[in-house]
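The values are calculated or read from the model by the stated rules, or taken from the named source; none is laboratory data. Keep in mind the model is a prediction, meaning the values are calculated, not measured. Cβ coordinates were reconstructed from backbone atoms using ideal geometry, including for glycine residues, and neighbour counts include every protein chain displayed.
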Amino acid sequence: MHTRYVTACLMGAVSLMLLIGPACSKKEIQATSGSKSSERPIAKAGRADSGTAARTEPGISEQDLLKPGKDPSAENLQGDIPGDIKVAKVQPSDSTSRIAEDIRREQVATAASGLKDVFFAFDSWNITEEARQALSSDAEWIKANPNSMLKIEGHCDERGTQAYNLVLGEKRAKAVRNYLAELGVVANRLAVVSYGKERPFCKERDELCYQQNRRGHIVVRTK
Amino acid sequence: MSRMRVVVLIIYLAVCAAFVGIMESGAADVFLEATRPDFEKIPIGVLGFQGKTAVAGSAEQVATVLKADLRRSQIFSLMDLPKLGIKVNDVDDPEKALFKQATENGISVLVWGKLGVKEADVVLDGYVYDGGNDEVVAGKRYAGPSSVLRLMVHRLADELVFRYTGEPGIARTKIAFVSEQTGSRELYVMDYDGYAPRQVTADGFLNLMPHWSPDRRFLVFTAYRSRTTQDIDMIELATGKRWTLASLGGLNITPAFSPDGNDLVFATSHDGDSELYKLDMRTKVLQRLTSNSASDLSPSWSPNGREIAFTSDRGGGPQIYLMSADGSNVRRLTYEGDYNAAPAWSPRGTWIAHVCRTPTKEYKLCVVSPDGQQRRQITAGPGVDDSPSWSPDGRHLVFSSTAEGKSHIYMINSDGTELERLTSGGTHHSSPSWSPL
């Protein structure tokens with residue numbers, strides 16, 4: 001059986017030489033035909049590093065065939081071939097329900113506080129006159145509730161890249177924090193986070209919706 | 001000598017020259033450019049797969065997957081055999097007449113195969129013929145559980161690409177992306193053609209911008225594990241093992257590994273505004289690369305690891321800049337338009353894809369040459385396009401777009417042809433990142 005396989009490999013070498021012989025060096029040809037499987041020269045030519053378990057998709061075997069109809073025996077089947085990315089099954093976790101519950105509690109506390117959000121112009125993080133008024137009343141509430149901890153979320157509309165909107169969202173959140181600090185709020189009570197355009201309040205694609213999403217959202221933290 | 005052989009010889013000569021060049025110079029800049037306009041695609045025909053003992057319909061599925069792979073390869077011109085009167089499907093053993101007929105119609109390469117079962121496994125045999133000859137020039141047998149049948153076909157497609165170009169095919173590469181199925185945004189990995197998405201994280205909130213390690217074993221990404229702080233996390237795909245690489249306060253976004261995997265560059269705002277930092281993966285030393293009062297983000301390494309393209313708004317709006325990998329020699333690359341961001345350096349080094357705002361205020365994909373001399377817009381129409389990422393052969397881009405309403409992942413040829421949507425269902429898909437080979 002083994003002899004037949006070697007013969008098959010040699011036949012492959014001969015046909016490859018006929019096809020490409022004049023073009024490539026002798027060394028290349030040997031690399032192509034001498035190995036057990038033609039997968040090897042591919043690894044040499046194109047892949048920087050292979051052979052780790054992570055690249056092995058278990059269960060596929062591969063071998064060379066030269067003639068239709070000839071049924072190679074099972075011994076000739078090669079083992080796993082490196083080259084495929086394996087992804088472990090995701091670990092089930094309870095964090096989804098826990099986070100949903102945390103968010104719900106924050107929403108209830110925030111709604112009860114009456115804190116006002118502020119809104120921004122396109123591609124801007126300037127605090128507008130309307131925003132100043134909202135933040136003045138927010139500052140009063142924060143000073144009147146000295147045990148509360150707050151979070152300022154910066155949000156953006158869907159225009160532009162995800163990455164640049166994360167930067168813009170942070171600029172908005174920091175602008176809100178700085179203005180509240182100017183009004184006398186102790187800055188270390190104010191956490192800042194940017195969600196860019198990743199957690200929009202409104203999902204339509206019109207200016208009314210975009211306006212809703214260009215937001216500094218002030219949240220009462222519950223933990 | 002047939003025309004086919006001449007083509008093969010020319011390609012092999014070029015490949016040999018290219019490989020010798022790479023080995024000697026260590027640079028990837030001399031790679032064969034098979035997508036240049038005068039490249040003549042190789043006419044190929046798929047005779048079909050005989051599947052008498054296989055599950056009904058699976059042999060046809062094999063032919064469909066193979067044809068899609070060959071079309072996407074951009075190496076082959078897929079010929080419509082039935083239209084030419086050439087018998088396909090369930091051909092028992094191709095007759096000599098078929099090859100003659102194919103040659104007369106200008107078809108150089110023919111593929112035929114068999115799909116069967118052996119114990120619990122499916123067995124796929126693929127045979128290659130060329131030059132009008134009924135002699136098999138290559139044959140491959142793949143065996144495995146039916147769940148990996150598509151992967152077997154992808155292997156056969158990659159084998160054909162390698163045989164006729166000397167380059168590895170991309171049919172077995174993967175795409176990492178962010179998907180929202182039930183409210184939270186999690187990381188997923190899917191086959192390059194959009195099949196078999198597998199969930200990678202289950203945090204229940206928000207994960208962003210996955211990026212592959214060069215050895216394809218890991219993803220790095222931005223995680224909001226506490227909802228209020230961002231970390232750069234790393235996950236090993238095969239085991240699901242996960243840890244935090246950087247947790248500096250402020251933004252920690254857009255991580256990108258150097259081509260040798262030794263350094264990770266990312267943007268962090270822990271010092272105030274967003275700046276680029278380089279983390280040495282071996283010593284864990286953190287080095288600041290940019291220093292100014294503007295925002296710097298979205299680094300993308302040149303394939304030789306010597307330079308980094310990035311987004312900066314130091315000139316007002318966001319534009320693409322280049323610098324050396326140590327942060328020196330910063331210069332602006334883009335001048336056309338008032339918004340250019342999210343650069344992605346092509347694997348052959350010849351283009352930098354990015355998001356460009358058009359005169360009609362649409363966010364589309366453009367490419368610019370690293371010397372800034374050439375620029376082309378790749379996508380058009382409505383919707384926000386984002387996060388371009390190159391296929392490892394440089395012939396495709398994958399990106400997200402809201403062109404159809406919800407954000408989906410799309411693949412497009414790097415010349416702007418053959419747009420194909422890869423995702424379906426869910427409420428949001430974004431941040432695609434194409435795996436290396």
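Within the stretch B:392-408, restricting attention to residues that are of a type in the set (S, T, N, Q) and surrounded by 24 or more Cβ atoms within 10 Å (Cβ to Cβ), the residue that is farthest from B:Ile75 (Cα to Cα) is B:Ser407.
B:Ala294 - would you say it is under 26 Å from A:Ala173 (Cβ atoms), of a type in the set (Gly, Ala, Ser) and in contact (Cβ under 8 Å) with a residue 24 or more places away in the chain? It is false that B:Ala294 is under 26 Å from A:Ala173 (Cβ atoms), of a type in the set (Gly, Ala, Ser) and in contact (Cβ under 8 Å) with a residue 24 or more places away in the chain. Look at (1) farther than 26 Å from B:Ser77 by Cα; (2) touching a residue at least 60 places away in the same chain (Cβ under 8 Å); (3) not hydroxyl-bearing (Ser, Thr, Tyr) and you find that B:Gln199 fails only one, number (2).
Within the stretch B:334-353, the set of residues being hydrophobic (A, V, I, L, M, F, W, C) and either closer than 21 Å to B:Ala267 by Cα or free of Cβ contacts under 8 Å to residues at least 60 places away in the same chain (or both) comprises B:Ala341, B:Ala342, B:Ala344, B:Trp345, B:Ile352, B:Ala353. Of the strands (runs of 3 or more DSSP E) lying entirely inside the stretch B:318-392, those containing at least 1 residues that are modelled with pLDDT of 95 or more and within 14 Å of another protein chain (Cβ to nearest Cβ) are B:319-324, B:340-345, B:352-357, B:363-368, B:385-390.
Every residue in the stretch B:382-437 that is of a type in the set (D, E, K, R) and more than 22 Å from B:Ser213 (Cβ to Cβ), please. Hits for the stretch B:382-437 are B:Asp385, B:Asp386, B:Arg395, B:Glu404, B:Lys406, B:Asp415, B:Glu418, B:Glu420, B:Arg421.
Could you pull out every one of the strands (runs of 3 or more DSSP E) wholly within the stretch B:49-138 that has 1 or more residues that are modelled with pLDDT of 90 or more, surrounded by fewer than 22 Cβ atoms within 10 Å (Cβ to Cβ) and of a type in the set (S, T, N, Q)?
Here the list reads B:76-78.
If the condition is being of a type in the set (A, V, I, L, M) and within 13 Å of chain B (Cβ to nearest Cβ), then the stretch A:177-211 contributes A:Leu190, A:Ala191, A:Val192, A:Val193. Only residues that are within 28 Å of the chain's Cα centre (by Cα) and buried (at least 16 other Cβ atoms within 10 Å of the Cβ) were counted in the stretch A:120-149, giving 3. Considering the stretch B:249-279, and only residues there that are among the acidic types (Asp, Glu) and modelled with pLDDT of 95 or more, the residue that is farthest from B:Val330 (Cα to Cα) turns out to be B:Asp260.
Of all the listed residues (A:Ala121, A:Ala144, A:Ala173), the sole one being of a type in the set (Gly, Ala, Ser) and without any contact (Cβ under 8 Å) to a residue 24 or more places away in the chain is A:Ala144.
Assuming A:Val108 fulfils every condition listed in (1) under 29 Å from the mean Cα position of the chain (by Cα); (2) not in a loop (DSSP other than H, G, I, E, B) apart from one, which condition is it? A:Val108 satisfies every listed condition except (1).
Would you check if there is a residue in the stretch A:82-89 being more than 10 Å from chain B (Cβ to nearest Cβ) and farther than 24 Å from B:Arg242 by Cα? Scanning the stretch A:82-89, I find no residue that is more than 10 Å from chain B (Cβ to nearest Cβ) and farther than 24 Å from B:Arg242 by Cα, so the answer is no.
Per-residue answers, yes or no, for (1) on the phi > 0 side of the Ramachandran plot; (2) among the hydroxyl-bearing types (Ser, Thr, Tyr):
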residue: B:Arg150; (1), (2): no, no
residue: B:Val153; (1), (2): no, no
residue: B:Ala157; (1), (2): no, no
residue: B:Gly166; (1), (2): yes, no
residue: B:Lys174; (1), (2): no, no
residue: B:Arg185; (1), (2): no, no
residue: B:Thr228; (1), (2): no, yes
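Do we have B:Asp296 as within 11 Å of chain A (Cβ to nearest Cβ), farther than 23 Å from B:Ile175 by Cβ and among the acidic types (Asp, Glu) here?
Working: within 11 Å of chain A (Cβ to nearest Cβ): yes; farther than 23 Å from B:Ile175 by Cβ: yes; among the acidic types (Asp, Glu): yes.
Answer is yes for this residue.
When the stretch B:177-194 is limited to residues that are among the aliphatic types (A, V, I, L, M) and over 11 Å from B:Trp434 (Cα atoms), the one that is surrounded by the fewest Cβ atoms within 10 Å (Cβ to Cβ) turns out to be B:Leu187. B:Thr165 meets each of the listed conditions (1) in contact with a helix residue (DSSP H, G or I) (Cβ under 7 Å, 6 or more places away or on another chain); (2) under 18 Å from B:Leu78 (Cβ atoms); (3) within 10 Å of another protein chain (Cβ to nearest Cβ) apart from (3). Among the residues of the stretch A:192-206, those identified as surrounded by fewer than 19 Cβ atoms within 10 Å (Cβ to Cβ) and within 26 Å of B:Arg225 (Cβ to Cβ) are A:Arg199, A:Phe201, A:Lys203. Checked against the criterion of being crowded, with 21+ Cβ neighbours inside 10 Å and closer than 16 Å to B:Leu322 by Cβ, the candidates B:Leu276, B:Leu264 yield just one match: B:Leu276.
Residues in the stretch B:344-363 that are more than 30 Å from B:Asp260 (Cα to Cα) and crowded, with 22+ Cβ neighbours inside 10 Å: B:Tyr363 alone.
Scan the stretch B:225-256 for residues that are closer than 23 Å to A:Glu153 by Cα and at the interface with chain A (Cβ under 8 Å from one of its Cβ atoms) and jot them down. Answer for the stretch B:225-256, where residues must be closer than 23 Å to A:Glu153 by Cα and at the interface with chain A (Cβ under 8 Å from one of its Cβ atoms): B:Arg227, B:Thr228, B:Thr229, B:Gln230, B:Gly250, B:Leu251, B:Ile253, B:Thr254. Identify the single condition in (1) within 14 Å of chain A (Cβ to nearest Cβ); (2) under 17 Å from the mean Cα position of the chain (by Cα); (3) of a type in the set (Gly, Ala, Ser) that B:Gly416 does not satisfy, given that it satisfies every other one. The single condition B:Gly416 does not satisfy is (1).
Residues are listed down the side, and each one gets a yes or a no for (1) of a type outside the set (Lys, Arg); (2) at the interface with chain A (Cβ under 10 Å from one of its Cβ atoms); (3) under 26 Å from the mean Cα position of the chain (by Cα); (4) within 20 Å of B:Arg71 (Cα to Cα):
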site: B:Ile86; (1), (2), (3), (4): yes, no, no, yes
site: B:Asp93; (1), (2), (3), (4): yes, yes, no, no
site: B:Phe99; (1), (2), (3), (4): yes, no, no, no
site: B:Glu104; (1), (2), (3), (4): yes, no, no, no
site: B:Val109; (1), (2), (3), (4): yes, no, yes, yes
site: B:Lys114; (1), (2), (3), (4): no, yes, no, no
site: B:Glu119; (1), (2), (3), (4): yes, yes, no, no
site: B:Tyr127; (1), (2), (3), (4): yes, yes, no, yes
site: B:Gly144; (1), (2), (3), (4): yes, yes, yes, no
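In this structure, B:Phe310 qualifies as farther than 30 Å from B:Asp158 by Cα, in contact (Cβ under 8 Å) with a residue 12 or more places away in the chain, crowded, with 24+ Cβ neighbours inside 10 Å and aromatic (Phe, Trp, Tyr). When A:Lys143 is tested against (1) part of a helix (DSSP H, G or I); (2) within 14 Å of chain B (Cβ to nearest Cβ), just one condition goes unmet, and that condition is (2).
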